[in-house]
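S.K.: I'd like to ask you about the structure that follows.
The values are calculated or read from the model by the stated rules, or taken from the named source; none is laboratory data. Note that the structure is a prediction, hence the values are computed from the model and not measured. Positions of Cβ are backbone-derived with ideal geometry, glycine not excepted, and every protein chain shown enters the neighbour counts. Ligands, DNA and RNA are excluded from the accessible area calculation, which covers all protein heavy atoms including side chains. Shrake-Rupley method; radii C 1.70, N 1.55, O 1.52, S 1.80 Å.
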Amino acid sequence: MAGREAAIAVYNQTPLFLFLQDVICPELACIVVDEFRNTGFIVNEKKGEHSKPTHPNQQSYSSIWLKNLFEFLKMVEKKGKREEDRLRKQMRRNQQAQDEDEEGRGTPRVLHIKNLNSNEAILQEVTVQQLMDGDDQAVMILQTLDVSFLLHLLGNEIIQFRLSEAVLEALTEIKKQRNEMIHGNQSSKPSVEEALQKLCTSISDLLASRGKSFNFVEEKKEQCRSHTEVRYPQLHRKVFQRLQTEVNSIYEDPPFSVYPQVKYFGRNGENENVKDNLQNFVGRQCKSKAQQENQHPLVLHGSSGVGKTALVTQLTADLTKEANSAKDHQDLLVLHLNPLCRKMKQDEFWKQVGKDMERMAPKSLEEYGAENLVRVLKIYSEHILFVADWNVHQLKEIQCGVTLGTWLITHCGTPESPHPPNTLAVLSLTQPQVEEMLKSLSGSSEEIISKYQECSYKGMLTSPDIINVFSKVDRCMHFCQLLDKYVKSKAPSAINNPEELLKLGKVAFDMVRVNGGKYYSENFNEIQADVWKPFLVQEGEWNKAKAQFAFKYRVVEDFLMAKYVLQNPDATCRMWLKQYPLFKRVFRFVSSIWCENPDSIQQNLLHMKDYLSQLMDISPEHGPDAMEVDEPKLKNNFTKWTFLMTLAEDCQYQSDVIRLLAELLARKTTWHFKCRLLKEEVVKKLRFVLREVVLTQKLTVKLESGWNTDIITRLWRELSTLTNIHAQASVQISINLTESHPSFYIDKLRNLARALTLSDSSRDSHLKVIKYVGPLSCSKISRFLHHPSMQKLKELDVCVFDQPTLAEVLACKGLDDLLYVDVKFAFWRSNENTHSEESRLEISQSVPVYLTFKYFPGLQDLLRKICFPQRLSYLSIRRIFIHKNFKLDFSAFTGLSCLFLQFIPGSMEPIPNIQSSPQPIEFMDVEGRWENQNSDDDQAKQMPRRDWAKILTQNLEVPKGLQRLMLRNAMFCDDTNHFLLSQYFKKSKVKRFLMLDTDLTVAGANNLFRDLTSPPRTYDDDLSPNFKRKCTISSPPNSLLRTLPKLKQPRKSAEEREKLKVDENGRVLKNELIVSSKHAKCFLCQCSPCSCCNFNIKDYWNRLKETVLQVNMIYQVPEWRFNFSNDSCKLTVNVNACKDLRIQCRLTRLDDDTLANPSEYEWLNKFFNETLVNAQFITLIDTQLTHQGAITLAKKVWKGKETKGTPDPFSLTVCSLRHPSRREDDKYSNLVTFLKHDIEKGNDHTLVQFQFKCCCHDCCSNDKRKRSEYHLRKTYHGDIRLNNEFIYSISPRKPRLR
């Protein structure tokens, strides 16, 4: 035992020893070498080199030079002993020796050097000459010495190292900590972590005092920890084996042998049934490296009472048995985590795990300590299964993280998304499984199975504990009676004293009514302990004085509350309305018991109506005895269909209850069926309630589904048979496809289309569909939209996959109520012939049609099949790629107002070949809808992007007079080829031209704008010479800058400005060019990333020339609007129809000094005097301006506007990288005073809005944990706010700048 304790002690101290040797010793060795030549001993020897020796053994300075360090220190030691003898004699003469010896200060210990002989071999490798020269090799040798030896050497009074006070203080602190670590009292010794941190602080102080960097210290500390773990693998393994043996032995076998089915859903969409091999499956997950790397926990989800806890118990028992019997003893350790860990951060979590070792492994804890056990658990985390049986509702509730080990977390309920990654879905026990479990629990299998077949609540027998109780009953009974039997079996004393159970039910009712959390022991002071303890489990820390409790089974808690409600329904049914969502199962239990007696249900039907009215958001009927409850905010949608059908089944479809449910449903205006959450059993039960509904108002039925439309198809068939709702009801169908799915789901869509048209068309009553959103496939159904169920269709927004369906939707004949048609066509079937002339595509004349295609090489053939193309006003082509036979001709679509062309994203480099196959089909979200990503074989032949612009202009035809043309993902457009596109589209007389995501620079955008506004160029047939030409900005005429002030007219009134924007028909009057660029190079320094700070300042400001010229050119063409933006460079230039200029620019070199003398730089001066003075919205980003610089900037713009005679109102925003000083970060700063003075003098009609933001990375980070961003702003209304704090206001409020 002593040897093991010593090993543990050494293990604990190892990081400290490593830190002393690897971090502190090298620095001490550096001090010795650096300061040796300046020591008092050497200096004195130099002075006395030519003097007469005072002692017969004194050696000359030259002889010392030739010695090695060991010989030198031997000489020092002899001199120290002589000095020591002299001091002793002097102390005796002064009669102080006795006192000094008693106080431990008899002889100065720094006169001699300890352990000199034991370090002889190392010291002999270093010469005094090396120390005098400061040789690095000497440092490498001396750093292998012990810390104690080096500290004594530096403190020796004979050698006399001359060190600063700061260095001496740091050395003294290191020596103190080292002595405390070696010789300190065990009880007062700091922890290893605290001692290590102190050493880090001391060495950092030492390095700082010597002017060295200490940033590496923290990294070295972590290395010492990791090296410790590497140097003691055998000890770690022994501790882990001991833990595994002790912890795994505490898990017992559960009483059941039959468990529910478990289905696994993986991260890549795979799924498998793991019921029979769950133990092996989880074991594989624990051993999988991918599981450790991706940090995806195993989530065991299922409804309450389905058997998750029993399954976890059985799994734990099986895994621990295998681990204990395995040849490899470190196979697996299972740790059941304390529920307190759920709310803990990472460090607190491991501390709690250490505390829980007292419960799981007390012997190991006593022998090794909590700190060592936690360290070993972290090292062997890949062999640990952390079981968190917490029944969480959301995984984000777990704050401790899942960064180590494999986690198995129980999740209460079913997630709304189909299946999150790494999910184990616990399915409800099937009837054969329940029968098998009953046979294993009961000796007479035939008798118990017959009772099970007779009961009407088979769906509620899903909990193993309840099944265990059912196996012991003599006859089939109601489920509430079964729960009553379970309660009495757990608390036999309550049989003769039922009031105790009512007290327990009251405690639970009061706790839920106030939405309380956990129970405490004082809540049960008036209840016998043997009554309440069997139903509750303790949570939280095991040794906590004020322990928390929770019911083991929520269903038992609800049943006890129901027993309490039945005793006093008038009072309790008024109180539970405040928290009605929490009493849903209690209400079901109470209602089912009431329905056993016809008189009882009649007496309490009003209570049921009041509760259901609250639950269904129906305003209660007020009467003389109406309850005084707060009316909730009423909702039109009703979605709680599962609860409603379960309640009807619990009440055994009692006629009074069914009529009540039908009456309440008739008062709702919208029935919303979320088919993802509905089961087929619920849909089958709907008819029992809905057939009794009598509608007196219009009803909207919303059917919402995901990719699996089986439920929505079944639901439509059920609703179509309910003729009592057809006259007043209208249906809205919404199908969301946002994930990749196989092509066989197309068959499910066709089944839905068949169901919509399945009813007899000659019948008078039909359920009407007024809205259809989602994918549609009706190719095998003739005249689909002509069926009576579709005749009232108002909105049609579909994605289709075949030409027959496309033809049916585009024609949409006979739909008088249809408002619009939005069609997205995703061609995916390679065997469909687009060249066929069998079916023509006719565009509806009476309904606006919005048509979107996913591009494929045969699209042009499909476009030729469209009849009356002039009827189409909106056309969009998605994911276009240019190939050898590319051709798109839209000249026949003369009625088009908008044409959107979206290219596949990518850079200018050649795109690798893309292999494809027609199946399976994949969908993607397109503007919130769907798009097929299936690529054609010809896509492998697509051309390099550098050739796209040339091919596009040669093979694209757009109609003349197009109102709006947009090219998205136009990265192929850059400064070398934009002239091709501009001259081509200029011929088409496009009114609004949008080129988005280009690779244009500011210079390229200037040339593009000039090309579009200049007379058309003539081209030869061969465009290659023009294509190879590089675009350059030619020098503008001198008159351009001189005439600019005349072109900028005074600001017009609001009415005149509105007339400039659109004509009487709402059409845009002026031409517009919108260009966005993703060009990554900074427009000032032309580097990526930006290197403006290292750029020549004169050249830097000259780069503003392009921006100034851009604005000048825009004002030369008054009939055009222009917008250029580059998010990478944070540059925006926008001129609207009223010639208002909005400019945003990133100026990292703009500071107060440069702003004071801009005339030194030509184009900076022009930027201020000819660009900013004409702007109405100015934003300067990443400047170096202070408050005073911002004031100077505002005055400069203001005076410039007055000088030109056009003092237009303007808005100014300054973002600075220089954080305000303490004096400026105040509501009385000079900037605030300037803004107040500006407002009070009435000058704020010019500077109508002002903002000063600090965007420095040190203080104003976007991280919420750091200090919030400094933000001073003056609003349009004359208010001044500092960091959202109101500091000044004036009234009346000013009009807002328009």
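S.K.: Return yes or no: is residue 18 at negative phi, within 60 Å of the chain's Cα centre (by Cα), modelled with pLDDT under 85 and surrounded by 12 or more Cβ atoms within 10 Å (Cβ to Cβ)? Step through it out loud before you land on a result.
M.R.: Working: at negative phi: yes; within 60 Å of the chain's Cα centre (by Cα): yes; modelled with pLDDT under 85: yes; surrounded by 12 or more Cβ atoms within 10 Å (Cβ to Cβ): yes.
It is true that residue 18 is at negative phi, within 60 Å of the chain's Cα centre (by Cα), modelled with pLDDT under 85 and surrounded by 12 or more Cβ atoms within 10 Å (Cβ to Cβ).
S.K.: Right, next: Tell me yes or no: at least one residue of region 504-525 is within 30 Å of residue 359 (Cα to Cα), open to solvent by 70 Å² or more (accessible area, probe 1.4 Å) and among the acidic types (Asp, Glu).
M.R.: Yes.
S.K.: Specify the residue that is surrounded by the most Cβ atoms within 10 Å (Cβ to Cβ); the eligible residues are those in region 199-235 that are among the basic types (Lys, Arg) and either under 24 Å from residue 368 (Cβ atoms) or at pLDDT below 75 (or both). If you could, list the steps in order and put the result at the bottom.
M.R.: Keep residues of region 199-235 that are among the basic types (Lys, Arg), which gives 210, 212, 220-221, 225, 231.
Keeping just the survivors that are either under 24 Å from residue 368 (Cβ atoms) or at pLDDT below 75 (or both) gives 221, 225, 231.
Numbers: 221: 19, 225: 16, 231: 12.
It comes out as 221.
S.K.: Here is a follow-up. Might you let me know whether region 473-487 holds any residue that is among the polar types (S, T, N, Q) and either touching a residue at least 40 places away in the same chain (Cβ under 8 Å) or in contact with a Pro (Cβ under 9 Å, 6 or more places away or on another chain) (or both)? It would help to see each step written out before you state the result.
M.R.: Looking only at region 473-487, we keep the residues that are among the polar types (S, T, N, Q), and these are 481.
Checking which are either touching a residue at least 40 places away in the same chain (Cβ under 8 Å) or in contact with a Pro (Cβ under 9 Å, 6 or more places away or on another chain) (or both) leaves us with none.
No - not one qualifying residue is present in region 473-487.
S.K.: Something else: Modelled with pLDDT of 85 or more, assigned to a loop (DSSP other than H, G, I, E, B), among the basic types (Lys, Arg) and over 42 Å from the mean Cα position of the chain (by Cα) - does that describe any residue in region 755-778?
M.R.: Within region 755-778 (the criterion being modelled with pLDDT of 85 or more, assigned to a loop (DSSP other than H, G, I, E, B), among the basic types (Lys, Arg) and over 42 Å from the mean Cα position of the chain (by Cα)), the answer is no, since none of the residues qualifies.
S.K.: Scanning for something more than 23 Å from residue 736 (Cβ to Cβ), at pLDDT 85 or above and not in a helix (DSSP H, G or I), does region 629-637 turn up at least one residue? Explain how you work it out, then say what you get.
M.R.: Going residue by residue through region 629-637, those that are more than 23 Å from residue 736 (Cβ to Cβ) are 629-634.
Next cut, at pLDDT 85 or above only: none.
No, every residue in region 629-637 fails to be more than 23 Å from residue 736 (Cβ to Cβ), at pLDDT 85 or above and not in a helix (DSSP H, G or I).
S.K.: Kindly check whether there is at least one residue in region 692-709 that is at negative phi and part of a helix (DSSP H, G or I). Talk me through it step by step, then tell me what you get.
M.R.: Filtering region 692-709 down to residues at negative phi leaves 692-709.
Restricting the remaining residues to those that are part of a helix (DSSP H, G or I) gives none.
Looking through region 692-709, none of the residues is at negative phi and part of a helix (DSSP H, G or I).
S.K.: Spot the failing condition for residue 1138; the list is (1) surrounded by fewer than 21 Cβ atoms within 10 Å (Cβ to Cβ); (2) not in a loop (DSSP other than H, G, I, E, B), and only one is missed.
M.R.: (2)
S.K.: Okay, next question. Only one of these is touching a His at 6+ places or on another chain (Cβ under 8 Å) and either at pLDDT 90 or above or crowded, with 19+ Cβ neighbours inside 10 Å (or both): 674, 702, 698. Name it. Break it down stepwise before answering.
M.R.: Details: 674 fails: touching a His at 6+ places or on another chain (Cβ under 8 Å); 698 fails: touching a His at 6+ places or on another chain (Cβ under 8 Å).
Result: 702 is the single residue among 674, 702, 698 that is touching a His at 6+ places or on another chain (Cβ under 8 Å) and either at pLDDT 90 or above or crowded, with 19+ Cβ neighbours inside 10 Å (or both).
S.K.: Kindly evaluate residue 282 against the criterion of being open to solvent by less than 20 Å² (accessible area, probe 1.4 Å), more than 30 Å from residue 177 (Cα to Cα) and modelled with pLDDT under 75. Step through it out loud before you land on a result.
M.R.: Details: open to solvent by less than 20 Å² (accessible area, probe 1.4 Å): yes; more than 30 Å from residue 177 (Cα to Cα): yes; modelled with pLDDT under 75: no.
Answer is no for this residue.
S.K.: When you go through (1) at pLDDT below 65; (2) among the hydrophobic types (A, V, I, L, M, F, W, C); (3) surrounded by fewer than 19 Cβ atoms within 10 Å (Cβ to Cβ); (4) out of contact with any helix residue (DSSP H, G or I) (no Cβ under 9 Å at 6 or more places or on another chain) one by one for residue 1095, which number turns out not to apply?
M.R.: Here residue 1095 meets the rest and fails (3).
S.K.: Another one. Give the residue that is farthest from residue 755 (Cα to Cα), with candidates limited to residues of region 702-724 that are touching a residue at least 40 places away in the same chain (Cβ under 8 Å) and among the β-branched types (Val, Ile, Thr).
M.R.: Per the criteria, the residue is 723.
S.K.: On to the next question. Identify the residue in region 471-495 that is part of a helix (DSSP H, G or I) and at pLDDT below 80 and, among all such residues, is nearest to residue 533 (Cα to Cα).
M.R.: Within region 471-495, the subset part of a helix (DSSP H, G or I) is 479-490, 492-494.
Checking the rest, the ones that are also at pLDDT below 80 come to 479, 481.
On the way: 479: 23, 481: 21 Å.
The residue in question is 481.
S.K.: What is the residue count in region 496-508 for residues that are among the small types (Gly, Ala, Ser) and not in a helix (DSSP H, G or I)? Lay out the reasoning, then the answer.
M.R.: Kept after step one, since they are among the small types (Gly, Ala, Ser), are these residues of region 496-508: 505, 508.
Filter again for not in a helix (DSSP H, G or I), leaving none.
Counting residues in region 496-508 that are among the small types (Gly, Ala, Ser) and not in a helix (DSSP H, G or I) gives 0.
S.K.: May I ask you to list pairs of residues, at least six apart or on different chains, whose Cβ atoms are under 6 Å apart, with the first in region 589-602 being assigned to a helix (DSSP H, G or I) and the second being small (Gly, Ala, Ser)?
M.R.: 589/562; 590/562; 594/600
S.K.: Return yes or no: is residue 159 buried (at least 18 other Cβ atoms within 10 Å of the Cβ), aliphatic (A, V, I, L, M) and outside any helix (DSSP H, G or I)? Explain how you work it out, then say what you get.
M.R.: Details: buried (at least 18 other Cβ atoms within 10 Å of the Cβ): yes; aliphatic (A, V, I, L, M): yes; outside any helix (DSSP H, G or I): yes.
Considered against the rule, which asks whether it is buried (at least 18 other Cβ atoms within 10 Å of the Cβ), aliphatic (A, V, I, L, M) and outside any helix (DSSP H, G or I), residue 159 comes out as yes.
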